[in-house]
Amino acid sequence: MKYFFLIINIWFILFYSSAQSLEDSGIIENLSANEDVIENNSEVAENLAMLTKNPFDLNKADESILLSVGFLKEIQIHEILLYKNTYGPLINIYELQTLPSMNEQTFFWIKSSFTVQETTSDPSLLKNIVGKEQSMLLLRYGAAPASVPKEWLGSGDKATIRFQTFIPNKMRFGFSLEKDAGEQLYWNAAKNQYLFDNINIYLHYMPGGKWKHVTLGTQRLQFGQGVLMGAGFYAGKGSETITTLRKAGRAIIPVGGTTEYGRLFGISSTYQLSKRISVTGFYSRTKEDASVDTLTDNESFIQSISETGYHRTAAELAKRKTITAQLAGYHLRYERRGFSLGTTCIHRKLSENLIPARSYYNQFYIAGKQFTGASIDIQWNHQNLLFFSEAAVTGTGGKALMAGLMVALNRKADISFLYRNYGKSYVSPYAQAFGESSAVSNEKGFYIGFKLRPKKEWSIHTYIDIFVFPWLKYRVHTPSSGDDCFIKAEYKPSKKTSMYLQYRREQKMWDISGTQLTEPAVRQTTIVYFEHKISMTVTLRTRIQWGSYESNNMISKGNLFAQDIIYKQRKYQCTLRWMWYDVEDYNARQYAYEPDVPYSFYIPAYTGKAVHPFIIIKYNLFNNMDCWFKFGLTKPMVQGGINDAALSTKALYTGTWQVRWTF
């Protein structure tokens, strides 16, 4: 039977032999659907890009690994695992084409991220390295702008060096060195400065047997649904209304990118105690940025921990790595078919006393040197129904609860529900869970998502989310509420053409500047997107979006138009974009994903009025080495009617080059 599946699907191999890149696949567009959580996804997007270069063996992928990529539905994960249990290890990845729930786009994403090895045994390390492209060295340089702030101590250019070597299903090692614009290059071991301002390094080893992994160096940890400790793929509220609500019960994410905040540095390991019980232990010790002050009795303290990662000025350098944060904890997990139960406990200790500057909205922020938290999470899967939940408590008595339900009604319709209740006194510095705001605190809400596929060419995604903030918030001096609704209709008449219409409306309460009033503010955004592949070498993409922000009987508007032309040949490719935007103020800002060199993801907020063309050129020097060049221009325009072009102000130029060598 398995060989019959291979024969009837052999033509797919020929069709997909010239696969798209990760940036072209649409995964990044889904990642960027919600601008509020873009920053949380940068490291995950980079890891996903790495996965496409070094695909994971699908025969060794369990439920947590399949879930961690973010684009698979529950029913698809269930069918993949059931197929392997029924027929044994996969012989070829194209067998997945026979699964009832599999569609063309999802299969392409799977084929980009996974592979099927010829043998399921672990070959020696030497055999894995010799004759395969398992390593990557990347050099990236961004030119300095024409003028830089005089406060900057370093040059205005940017530089990144990244290296990674990968032995499939056995070992992964990597590091990154980064200098941001304005930062200096110097060596001072006493100040933890080793030439580059930011250094990440890790070793992720999978010994086999009962030791599932040992990870040393820079990493992030995800347990349960992220209510206590979260990391990894997090799309929030966006165009994927079903699958991205739930997180993997446990995920260890090595950090080889340029992340500077929210990372841990230490050791973590998972050990299989029995067939169904495993335990993960971890310890981290990091240097964090903070401004150390002194009380009247000469006791030192800090008011907050800086999250920017910038060290360009004397003031920023004075905060660099001034305190030590230690974190230790464990995660115990019980798993059986269709059911999973876990418990997590963490304890953090700072070298300095944390005393936030109290304001009307932060009465319950974390204070002191120590923080302790614990949680319990559960996942239960029965046929096409999945329930997941996590409840957490902190040492100060803060409580939080999140519970969700996902149901595959049939092959054409899915529905999801999610309830969260994060207490006003609940604050976890490592939380990353579903919510209206990035802070998992002071929020109650109920979400309903729906996905419908009435025909093969059509898909409709929609959600509504109603939320309440029981306590005060920044710029909101009273308890408040709001709602968020979204709909996206996507049409793909052929493999060459796709288009969608997307609309989002969100209402929140905000203080009116200069008054004691709190009024509702309504933000609306509409996007029209069209993509057509003219030939094997030329693709056109058009994006038109407009939006408005209304508050206190005042309306500000924003418009954006972008036209992309992508030309590809075997040795080179060229991406040309011409963009124009006209945004009246920051409240009406427009977000749009901007293509960049590989492993660099840029989703800016466009404000003002300007034209913004850029070009990206890729050239393959050799079979295993390519060069990328990006040159951009932003030409601001004074808003003065039909002669705007004549009133243009000084143009801003940007340039980036990158060399990538795989060996």
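Summary table
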quantity: Sum of side-chain charges, PRO470 neighbourhood, beta-carbon under 11 Å (Lys, Arg +1; Asp, Glu -1); calculated: +2
quantity: Prolate/oblate/rounded label for region 375-427 (Cα gyration tensor, a/c 1.5); calculated: oblate
quantity: Rounded to the nearest 20 debye, dipole of region 503-658 from Cβ charges on Lys, Arg, Asp, Glu; calculated: 660 debye
quantity: Residues with amide H under 5 Å from that of GLN134, placed H, sequence gap 5 or more; calculated: PHE663
quantity: FRET efficiency, 1/(1 + (r/R0)^6) with R0 22 Å, evaluated for ILE415 and ALA489 via beta carbons; calculated: 0.80
quantity: Proximal lysines relative to LYS473, as straight alpha-carbon distance under 25 Å, when same-chain residues fewer than 8 apart are discounted; calculated: LYS237, LYS369, LYS399, LYS424, LYS444, LYS508
quantity: Student exercise, region 290-339 dipole from Lys, Arg, Asp, Glu Cβ charges, in Debye to nearest 20; calculated: 520 debye
quantity: Furthest towards positive pole of dipole, SER274, ALA231, LEU245, structure part region 211-302, Cβ charges; calculated: SER274
quantity: Derived scalar couplings ³J(HN,Hα) [region 288-302; Karplus, 6.51 cos²θ - 1.76 cosθ + 1.60; whole Hz; x for Gly, Pro]; calculated: 10, 8, 6, 9, 8, 10, 10, 7, 4, 8, 6, 8, 7, 7, 10
quantity: Under the Karplus curve 6.51 cos²θ - 1.76 cosθ + 1.60, θ = phi - 60°, whole-Hz ³J(HN,Hα) for region 205-220, x wherever Gly or Pro sits; calculated: 10, 10, x, x, x, 6, 7, 6, 6, 9, 10, 10, x, 7, 7, 10
quantity: Alpha carbon centroid spacing (whole Å) that separates region 256-302 from region 168-207; calculated: 17 Å
quantity: Neighbourhood net charge (11 Å Cβ-Cβ; Lys/Arg +1, Asp/Glu -1) for LYS455; calculated: +3
quantity: LYS275 versus ALA403: modelled label distance in nm, points set 7 Å from Cα along the beta carbon direction; calculated: 3.1 nm
quantity: Magnitude of the charge dipole, region 164-283, Cβ model with Lys/Arg +1 and Asp/Glu -1, debye to 20; calculated: 800 debye
quantity: Cα Rg, Dmax, region 368-465, angstrom units; calculated: 16.5, 57
quantity: Region 491-506 - phi-based ³J(HN,Hα) in whole Hz, Karplus 6.51/-1.76/1.60, Gly and Pro as x; calculated: 10, 10, x, 7, 5, 9, 10, 8, 7, 8, 10, 10, 9, 9, 10, 10
quantity: Amide H contacts of THR270 (H built 1.01 Å from N, under 5 Å, at least 5 apart or other chain); calculated: LYS212, HIS213
quantity: Other-chain or far-sequence residues with amide H under 5 Å of PHE282's (modelled H); calculated: GLY329
quantity: Equivalent ellipsoid semi-axes - Cα gyration tensor, region 495-597, angstrom; calculated: 38, 13, 9
quantity: Three principal axis lengths of region 225-342 [C-alpha, angstrom, descending]; calculated: 58, 38, 28
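Read-outs throughout are calculated quantities, based only on the coordinates presented, and are distinct from any laboratory measurement. Small disclaimer: the values here were computed from a predicted structure and weren't measured. A quick note on method: Cβ atoms are made from the backbone with ideal geometry, for glycine too, and the neighbour counts reach across all protein chains shown.
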